[in-house]
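Notes follow the structure.
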Amino acid sequence: MNVPHIPGAPHFAYRGTHLYIEDVRLSDLARVHGTPLYVYSKASMQSALAAYQRGFAGRNVQICYAMKASSSLGVLQVFAQAGCGFDIVSGGELQRVLAVGAAADKVIFSGVGKTRAEMRDALEAGIGCFNVESEGELEVLSEVALALGMRAPVSIRVNPNVDPKTHPYISTGLKGNKFGVAHERTLQTYQRAANLPGLRVVGIDCHIGSQITEEEPYLDAMDRVLDLVDAIEAAGVPIQHIDFGGGLGIDYNEDTPPEADALWSRLLMRLDARGYGDRHLMIEPGRSLVGNAGVCLTEVLYLKPGEHKNFCIVDAAMNDLPRPAMYQAFHQIVPLERRGGETISFDVVGPVCESGDWIGRDRALHVHAGDLLAVMSAGAYCMSMASNYNTRGRAAEVLVDGNQAHLIRRRETAADQMRGESLVN
Ligand SMILES: *Cc1c(COP(=O)(O)O)cnc(C)c1O
């Protein structure tokens, strides 16, 4: 029998011929809730977080979950209950963290294009820090804070100009990227920030990219950031916290990123060697906390054999799973019920009217119409990027905890989608 690679083990595994998530059979969830369906393992999220916590044992660190990776309330709750802070990138994300009762002072606000309204809401909520990405943003934030009679806590995101060796669309710490303040301008920018009356400098941050599977880019970025801390503090601006961003990769296709605890024990050795080991540290992991914790279940609608290619047409599409279309990303696709027999090579595609609507290419599958498949490693940047293209309702979401399955988002209806629209009369 064909034994596919199952990323996300041990929380995903075949028992006999059926694929389980924790103690729940995935095909049972598909039957109850329909497809496409997102299903997440709570234990998988908790164990991913625990790996970071082990790596940081005894240190003064705040882990801020970068919630754009997966932002449904039921997922945020898992991290809020575990004591995490949150890294947000919009006013909408702020509303979500407040809705789950997260501590506002553990929220940090990243992103290159914060509006005045978003700044005001975040100041009024009492967030812990604004990660500022340009000199223009510093000026505006200072004005907005002064108008409220406040001083905004700021960290400046620096662009360390290191190559994270990942896909160009998810690399953010190179010179040509829109993110952060150029390395050469950092000191000047800190001096400007320290002189603005509406700001209080509290930290420094960087974030070099995503799906990073090697250790050196982190070590290089760390060295460059610490060089800057040396220079900034020598110029008389104290830095309270140092935030190293997120970016650690996951296993999509037998990828072997370092484990979070192993990575951080090495990074902490470097920090100790440079005398920064007892600083207040922060990190902003997203994908590595949730990516391998989720799958998207889909039903095979039709098999369409062709002269050059065979198509396996499923009921999930690029609006549910945008990563293949956006970044040519790879997700394992495995059957919920394994059976023996010959496999055939298929392109797995969705119903959306775009040639870019594919989920996997050249996959060896033994399938019939009506079979159920799991698109693996779909816990990060899938549902949170889902759209309504083709007026397709967004999928339902289930959070599994042991043998319990909780519906955390019902399937979106056409009426949900049309709410807020009006006819012209
Ligand atoms: C997206 C993002 C993260 C999280 O990145 P992952 O690769 O998901 O860990 C962290 N910080 C910032 C500023 C981001 O934009």
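The values are calculated or read from the model by the stated rules, or taken from the named source; none is laboratory data. As the structure is a computational prediction, the values presented were derived from the model and not from experiment. Methodologically, a virtual Cβ is constructed for each residue, glycine included, from the backbone with ideal geometry; neighbour enumeration extends over all protein chains shown.
Given the structure, is GLU397 in contact with a Lys or Arg (Cβ under 6 Å, 6 or more places away or on another chain) and not in a loop (DSSP other than H, G, I, E, B)? Taking the combined requirement at face value, the residue satisfies it. Looking only at residues that are of a type in the set (A, V, I, L, M) and within 15 Å of the ligand (Cβ to nearest atom) in segment 98-121, which one is surrounded by the fewest Cβ atoms within 10 Å (Cβ to Cβ)? Among those residues, the one meeting the criterion is VAL112. If GLU307 satisfies all but one of (1) away from the ligand (no atom under 16 Å from the Cβ); (2) part of a loop (DSSP other than H, G, I, E, B); (3) outside the structural domain of ASP371 (by TED's automatic domain parsing), what's the number of the condition it fails? Of the numbered conditions (1) away from the ligand (no atom under 16 Å from the Cβ); (2) part of a loop (DSSP other than H, G, I, E, B); (3) outside the structural domain of ASP371 (by TED's automatic domain parsing), the odd one out for GLU307 is (3). Residue count for segment 230-254, restricted to those that are more than 17 Å from the chain's Cα centre (by Cα), farther than 17 Å from GLN62 by Cα and surrounded by 21 or more Cβ atoms within 10 Å (Cβ to Cβ): 1.
Is it fair to say LEU301 is in contact with a strand residue (DSSP E or B) (Cβ under 6 Å, 6 or more places away or on another chain) and closer than 25 Å to GLU22 by Cα? Judged against the criteria, LEU301 is not a match.
Looking only at residues of segment 216-229 that are hydrophobic (A, V, I, L, M, F, W, C) and more than 16 Å from the ligand (Cβ to nearest atom), we find that the one that is surrounded by the fewest Cβ atoms within 10 Å (Cβ to Cβ) is LEU219. Residues that are assigned to a loop (DSSP other than H, G, I, E, B) and either within 12 Å of the ligand (Cβ to nearest atom) or buried (at least 18 other Cβ atoms within 10 Å of the Cβ) (or both) within segment 73-92 comprise CYS84, VAL89, SER90, listed in sequence order.
Closer than 24 Å to TYR381 by Cβ, in a loop (DSSP other than H, G, I, E, B) and modelled with pLDDT under 95 - does that describe any residue in segment 231-244? No: zero hits. Scanning segment 205-233 for residues that are farther than 20 Å from LEU289 by Cβ and in contact (Cβ under 8 Å) with a residue 24 or more places away in the chain gives LEU219, ASP220, MET222, ASP223, ARG224, VAL225, LEU226, LEU228, VAL229, ALA231, ILE232. For beta carbons closer than 7 Å, sequence separation of 6+ or different chains, a first residue in segment 265-294 that is closer than 24 Å to TYR252 by Cα and a second that is in a strand (DSSP E or B) and more than 16 Å from the ligand (Cβ to nearest atom), the qualifying pairs are ALA293/SER41; GLY294/TYR38; GLY294/VAL39.
The set of residues from segment 183-215 being surrounded by fewer than 21 Cβ atoms within 10 Å (Cβ to Cβ), in contact with a Lys or Arg (Cβ under 8 Å, 6 or more places away or on another chain) and in a strand (DSSP E or B) comprises just one member, ARG200. One residue stands out in segment 31-49 among those that are within 17 Å of the chain's Cα centre (by Cα) and part of a helix (DSSP H, G or I): the one that is farthest from GLY370 (Cα to Cα), namely LEU49. For segment 129-167, residues that are charged (D, E, K, R) and more than 16 Å from the ligand (Cβ to nearest atom) total 4.
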